Amino acid sequence: MSLVVEGSIDLLRKIAMPTMDTEEIKAAIESLPDEQFDSLRKWFLEKDWKKWDEQIEEDSRSGRLGFLVKEALYTEPCGLVEEERLACP
């Protein structure tokens, strides 16, 4: 693990303490050197995208996205824009 990542992980351990409030966490992040901030940002974005992907997969498995499939199947063959969709056979 690189020193940059290790430094960011150390910071996360410090800011994750229950005694720190959100403003203190923000201040700690603002004080990071650029390399550590970039590393933290990359980690956070990857974590966020992973959670997003997991939610989409769960919504797909549960059928909550079925309406999108129906809409795509209905709209695409007609080649219509939103306003004209009602006229599609």
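The values are calculated or read from the model by the stated rules, or taken from the named source; none is laboratory data. All values reported here derive from a predicted model rather than from experimental measurement. For neighbour counting, all protein chains shown are included, and Cβ atoms are generated from backbone atoms with ideal geometry for every residue, glycine included.
Check whether at least one residue in region 65-75 is modelled with pLDDT under 75 and of a type in the set (Phe, Trp, Tyr), and report yes or no. Yes, some residue in region 65-75 is modelled with pLDDT under 75 and of a type in the set (Phe, Trp, Tyr). For region 1-40, the set of residues classified as at pLDDT below 90, polar (S, T, N, Q) and loosely packed, with under 13 Cβ neighbours inside 10 Å consists of Ser2, Thr19, Thr22, listed by residue number. Identify the residue in region 52-64 that is surrounded by 10 or more Cβ atoms within 10 Å (Cβ to Cβ) and among the charged types (D, E, K, R) and, among all such residues, is modelled with the lowest pLDDT. Among those that are surrounded by 10 or more Cβ atoms within 10 Å (Cβ to Cβ) and among the charged types (D, E, K, R), it is Arg64.
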